[in-house]
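Written below as structure tokens is the structure these notes are about.
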Amino acid sequence: MFAKLVTFFHASRIFTFLLAFRWAALIPGLLTLGIANQSGQLLSPILVFSVALIANLFISLANRQLNQLVIDHPAFIGMDLLFSAAILAVSGGFHSPYYLYALSPLLAGAFFFQMRGALSVSAVFTPLYLMGNYLNSQTMVAQTDIVTITSQLAGVWLIPILFAYPSILLKDINRAQEELATTRDELTQKHENLAIAHRQLEIIHDLTMLLQSAPDLLSVQERVLGAVTTELGFSKAVVSLVDPAYEELGGWLVYPAEVTFPAAKAIPLKSENGALIKALLNRTIFTSKGEVLICDEELNGWLNEQRWLVMPLYLREHLVGLLLVN
């Protein structure tokens, strides 16, 4: 039940609640339209009701813009306070059926700005309320009228303060929910990262065990490519090794094996021999985009049939080879 209340009074729905209250506050004014000679009426009851109705229609149609305007510029509530005090003044002062209607901007101040807003709007509205009653009164105010005015003034202060407290509590709850959601998302992300790291460690362990049992260099290449494609999820991989004695790049192997893969010769480790060798010498990772990857025309044509992520392999200062995946 409380959770539903929290949802109803969420910050994004406060303005809707206040709008509903403003429409409901017109009911006393509507019920008194047929009463003649109402005390202290300066304007026709129908005219006053029509003005209040038009104001509600305007607020309803522009509720999103007004909601943001109130949040960005709190002083904008002062215009509504002045309008509500004027409605009270011309419709009978403390005899007016629009007393609840006049409380709408006070509730807005309490909801949007909590206790500070409640005290501010009450302090601003009090002299406006007294001035409206002074302009409206034509005779000496009776003792019973003083009691009514005092009671209404008490409502001007107590009702906004009363609404400010649940607004503060609900704001704290919403903040706590947002912090919990953020923490949950962070923990979920960390769990996913740990799961990925654990999976990578498993792959490295399995690959290490495979390499230890490999009988020759060709078997090592095949098992590395198999681990890259099968375990890491790449569709295809190509590896080439550096011969440090001759400073050449050769031993090209593709996995899964393809009959169309050309038998390339060893290529000297010189930057002008293609983007692959340049990346190997500079130890940079890049994604191919149709450039000349290698000076071997047949191998370059085969490689450029698709895009590759190119990763140089090296151990400390020693160049080991190249790994291409897609």
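Output yes when any residue across region 14-21 is over 28 Å from Gln177 (Cβ atoms), surrounded by 12 or more Cβ atoms within 10 Å (Cβ to Cβ) and modelled with pLDDT of 80 or more, and no when none is. No: region 14-21 contains no residue that is over 28 Å from Gln177 (Cβ atoms), surrounded by 12 or more Cβ atoms within 10 Å (Cβ to Cβ) and modelled with pLDDT of 80 or more. Pairing residues of region 245-271 that are within 18 Å of Asn282 (Cα to Cα) with residues that are acidic (Asp, Glu) and modelled with pLDDT of 90 or more, at Cβ distances under 7 Å and at least 6 apart in sequence or on separate chains, gives Ile267/Glu248; Ile267/Asp296; Pro268/Glu247; Pro268/Glu248; Leu269/Glu247; Leu269/Glu248. Within region 294-326, the residues that satisfy the criterion of being in a strand (DSSP E or B) and closer than 19 Å to Ile267 by Cα are Val310, Met311, Pro312, Leu313, Tyr314, His318, Leu319, Val320, Gly321, Leu322, Leu323, Leu324.
A Cβ distance below 6 Å, combined with a sequence gap of six or more or placement on separate chains, defines the contacts here; from region 43-59, residues that are assigned by TED's automatic domain parsing to the domain that holds Ser84 and in a helix (DSSP H, G or I) reach residues that are surrounded by 17 or more Cβ atoms within 10 Å (Cβ to Cβ) and of a type in the set (Ser, Thr, Tyr) in the pairs Val48/Ser91.
Residue-by-condition table, conditions (1) touching a Leu at 6+ places or on another chain (Cβ under 9 Å); (2) modelled with pLDDT of 90 or more:
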{"position": "Leu66", "(1), (2)": "no, no"}
{"position": "Leu81", "(1), (2)": "yes, yes"}
{"position": "Ile87", "(1), (2)": "no, yes"}
{"position": "Pro97", "(1), (2)": "yes, yes"}
{"position": "Phe111", "(1), (2)": "yes, no"}
{"position": "Thr126", "(1), (2)": "yes, yes"}
{"position": "Met131", "(1), (2)": "no, no"}
{"position": "Thr139", "(1), (2)": "no, no"}
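The values are calculated or read from the model by the stated rules, or taken from the named source; none is laboratory data. Please read all numbers here as calculations on a predicted model, not as lab measurements. Ideal geometry is used to build each Cβ from the backbone, glycine not excepted, and the neighbour counts take in all protein chains shown.
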